[in-house]
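Notes to accompany the following structure.
Every number here is computed from the coordinates shown, using simple stated rules; none is lab data. This structure is a prediction, so every number in the text was calculated from the model and none was measured. Don't worry about glycine lacking a Cβ; one is built from the backbone with ideal geometry, like all the others, and counts go over all protein chains shown.
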Amino acid sequence: MDFEKSFHPFADLLGFEITQCSNGESVCSVEHHIKLNNTNQVVHGGVIYSLADTGMGAALFSMLEKGERCATIEIKITYFRPSGPHKLVCESRVLKKGKRVAMTESDVYCNGELVAKATGSFAMFSMPRDI
């Protein structure tokens, strides 16, 4: 099953679109909408964090064996500048895939400017994909 076609209700709720997901890399994005803003009228940091998490998960998903799943263990994110009112684009890659843990990273851009960088570790485990 392709990550782009898999059921991901939270990403759908936020309006995420995955445009690339192969060979340990992914690109995903979200169009700006006022409902994604915080009280300072810029995109809420949780949206950016979720976009990075989704991008890193998608990048790793593209490398999993049949019957394997992954789940976030931890993510560290650094925010460089506020974002909005433009589309956010997240470029993610797998840095190292071990037997049970993978290291990933994401760069999140708004209007061509780097707004955040994240690194994450993900657990990998066996589970039927239809659960």
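Put simply, the C-alpha atoms of the chain give a gyration tensor, and the ellipsoid matching it has half-axes of 26, 15, 12 Å, longest first. Helix-only arithmetic for the chain: the sum of -39500 (n - 2.57) across DSSP H runs with n ≥ 4, divided by the residue total, places the mean residue ellipticity at 222 nm at -5500 deg cm²/dmol.
Shape descriptor for segment 63-126: Rg over Rh equals 1.08 (Cα atoms; Rh from the Kirkwood inverse mean 1/r).
Residue pairs exceeding 24 angstrom between C-alpha atoms, taken from 97/117; 76/96; 35/96; 96/117: 35/96.
A Förster radius of 35 Å, combined with the Cβ-Cβ distance separating residue 37 from residue 63, puts the computed FRET efficiency at roughly 0.55. If the chain linking residue 10 and residue 113 were pulled fully straight, counting 0.36 nm for each residue of separation and taking away their Cα-Cα distance, it would gain 34.5 nm.
Taking the C-alpha atoms only, the angle from helix 45-61 to the longest principal axis of the chain is near 30 degrees. The longest stretch of the chain left intact once loop-based chymotrypsin sites (Phe, Trp or Tyr not before Pro) with at most 14 other Cβ atoms within 10 Å are removed from consideration, loops following DSSP, is 8-79. Taking all Cα pairs closer than 8 Å and separated by 6 or more residues, the relative contact order of segment 3-126 comes to 26 percent.
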